[in-house]
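The values are calculated or read from the model by the stated rules, or taken from the named source; none is laboratory data. Owing to the predicted nature of the structure, the values given are computational and were not obtained by experimental measurement. In this analysis, Cβ positions are derived from the backbone assuming ideal geometry, glycine residues included, and neighbour counts consider all displayed protein chains.
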Amino acid sequence: MSRTGARPRVLVVGAGLAGTATAIRLLHFARRPLEIILLERRADYRSAGVAYHRDGNPWDHVFNIQAGRMSVFREDVLDFINWANQEADRREWPRRWASWTFTEQGPAPRRIFQDYLGDRLAEAVRESCSGVVLVEADGEALDAHRCDRGFEVAVRGLSPHVAEGLRPGPLADTLLLEADHVVLATGLELREPAFAAGVADHPSFVRNPYSASAIRKLTSLPAEASVAIVGSVLSAYDTAGLLLRNGHTGPVRMISRSGTLFRTYPGAHEHGVVPLPRPDILMEPYRGREEFLARVRTAWQDACSSVRVRYPEIDSVIVSERVAKAWEPYLPEAIDRVPTEELRCLLDEFSTGIAALRVGAVAYTMEIIERAMHPQDGRVELVLGRVREITPAPSGRLTVSVAAQHERHSFEADLVVSNFGRESDYAKAGQPLWRNLVRNGIATPHVRTGRGVEVDACGTLLDTNGHPAGPISAVGVPREGDEIVRHGRTGAFAFNLAAIKNHSVAVAAHIVEQLELRRDGFHHLAARHPQYRSYVSNPEEAVREALEESVELEVRRLASRERKRREALESRLDARIRSMGGLPVLPTDVPHEERLIRACVNRVAVDRLNDVSVTPRQLRRQLGLENTEHPED
C-alpha cells in the first residue's frame, strides 16, 4: 500500500463478462480489506457486455455453445445450469422458457446470462471477507497515468457516490480516480468498415446487430423484405435466426468471404480433450506460404484420421474440434517459425475458417437456418465473395457490391446488417482510453499478430520497451494476440469463455498477491526470485508432501465461494506452512520465509485451476473438488 492504513483500491474498467468475472474472483480471493470499483460506461451492459445484454438479445438469441459450458466458474461446470433450473427468477420469462428444463447439451437464452452474472456477483459480495467492498460505478475511463499509488485514471460521467472529493482531470468534465491496480476489461473494439462509409447513418444499414435499435428494425421489418447479412460468423446466424423465427419470408443473403458454414453440435455432445502427438511437420523451417499451408493440410488430415481410428465413438462432426484443441500446446512453437507479416496475413485470411473448426453451434440456432438454406426453401442463400461497397440506391434501398474470385456483381437489399465486427488492431482502437494508453507507451499493440496488446504471463501490460507498465492488467479480448502465440488458442477468441475465465482467476490472484506483499513491505520479493514454481514442484525436496498438501488446500480455498469455508481452509493452510519451518531451496537472504512460501503455493494453485489440458469436469475431479462440502474433510 502506498499510504499507511489506507484500504487498497482496484479499479476494473468494464463490467461485462470479463470484468464481472474478475470482480467475483477478487471478492473471493481477498483476505484483507480491499475496495473494488467496477466501472461501466453503459448501464445496460453491466454484468452482460455486448454479447448478453437484454436490450440487444431477444429471447430467441441463444448461446452458440451448449448451456453446460457457460458457468463463470470453470471448476464448477454445472453452476449455470443449476442456477437456471433452481435459482433464476422466471416470473417475467415467456411461457416457452419459463417451463424449460435446462440441460448441459441444450440451448439457453443469452439474455438470462445477465441475471446469472449479477446474482453471482451479489453472492460474492455477501460472502467476501470483512472490509472487502464492491462499488459499482457508472463512467467512462478516458486516460490513465502512473502515480505514486499506482495509476490515476481520468473518468468522465463518474457516479456521484464515487466522485466526491476527487480532483479534476486534465480532460474536460473528467475526474481523477486513483487506484493501486487497474484491470482493463473493455471488451470488443468496433471496426468501422470502409465499404459502408457512405451509409453509416442510413436507416437501412445496421452497424451493430446487438443493439436495441437493430433488434427493433429486424423485428419490425416487413416479412417479404430482402436482407443482406455481411459475414458468416456466429453473430450472423443470430440475425438470420431472429428473422426466420419471426416469420420472415423474403430473401436473406449471408455474404461470406470464405464460404464458411459452422457445424451443428450433436445432441449429446460434450467437451473433451484427446491426446495427440506433436505435429513435427509443422516445426520445420518456414519456406513460404504455399509450402507451409501444404504441411498444415497434411498434418491436419493425418491428425483427423488418427482421431477417427483411435476414438471411433467420437462423432465425425466433432473430430475437427478435438484436433484443434489437442494441437494448442504445440502451436506456439509452430507459430514462432512463421514471419510476422505472414502470420498476420494467415490469421486475417483464415480466422473464420479456424473458428469453424474450433467452435460449433447448438441445434436450436442451426436447424432453422439449415432448413431455410435447403433448395426446397431457399430463403437463406450463402453468397461467396467480399463486400466492396454499399451505396444508397435510387429506390431508397441499399446497393451491395460483391467481388468474388472471377466476377463482381451487385444486388439491392431493404436492410443490410454488418457483422464485419471488431477491430483487433489496437493501433487503430476507437476507445479514447486505448488510444491514450498506446500513445503514452503504457500499452503496446501486439507485434506478432496485430491483435490485442502485449502482456506478460500474469496479464500485466507491457510498455514499448517490453517491460511491465506498472500495476495495470488486461483480461479478455485485448489479450487475443498473446493467447495465440503463448498458448496456441486460435479461432473465435471473442467467444472463448475458457480463456476469459482463466484470465479472471490469474489476474485476480496476482493482484491480491501483489497488494498483500506491498502491504507487508515485500513488494519486490517474488520478482527477485522468479524460480518460485520450483519451490513446490522439486521432487527432491524433503517437505514436498507438506507443500503438496498446502497447494491442495489453496486450490480448495480459491475454488470456495463461501466465506466460512475459505476462512477454515486458510487457517489450516497457515498452520501447515508454519509447520514446515523452512525450505532448504529458498535463498538465505529471503526475509519472512513463510510469506514467500505462501505466494509460491498460491501461484501453483492458480496454475492448477487454469489447467486447460483437461475438461472442466475432469479438472474438478483432478483437483479433488467433487466432495468439498466441509473444509475439514
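Yes or no, residue by residue, for (1) touching a helix residue (DSSP H, G or I) at 6+ places or on another chain (Cβ under 9 Å); (2) closer than 26 Å to ARG32 by Cα; (3) surrounded by fewer than 20 Cβ atoms within 10 Å (Cβ to Cβ); (4) of a type outside the set (Val, Ile, Thr):
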residue	(1), (2), (3), (4)
GLU123	yes, yes, yes, yes
GLU127	yes, yes, yes, yes
ASP148	no, yes, yes, yes
ALA154	yes, no, no, yes
SER159	no, yes, yes, yes
ALA163	no, yes, yes, yes
LEU166	no, yes, yes, yes
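Within the stretch 408-417, does at least one residue satisfy the condition of being outside the structural domain of HIS145 (by TED's automatic domain parsing) and among the aromatic types (Phe, Trp, Tyr)? Scanning the stretch 408-417, I find at least one residue that is outside the structural domain of HIS145 (by TED's automatic domain parsing) and among the aromatic types (Phe, Trp, Tyr), so the answer is yes. Summed over the stretch 204-244, residues that are of a type in the set (S, T, N, Q) and outside any helix (DSSP H, G or I) total 5. Can we say ILE390 is under 24 Å from ALA268 (Cα atoms) and among the aliphatic types (A, V, I, L, M)? No.
Please give the helices (runs of 4 or more DSSP H) falling wholly within the stretch 56-172 in which 2 or more residues are farther than 30 Å from SER613 by Cβ and touching a residue at least 40 places away in the same chain (Cβ under 8 Å). Let's see the steps before the verdict.
Details: elements: 79-86, 95-98, 112-126, 160-163.
It comes to 112-126.
Put simply, of ALA196, ALA212, ALA223, ALA200 the only residue that is small (Gly, Ala, Ser) and crowded, with 18+ Cβ neighbours inside 10 Å is ALA196. Looking at the stretch 109-120, which of its residues are under 11 Å from PHE80 (Cβ atoms) and touching a Gly at 6+ places or on another chain (Cβ under 9 Å)? Matches in the stretch 109-120: LEU117 only.
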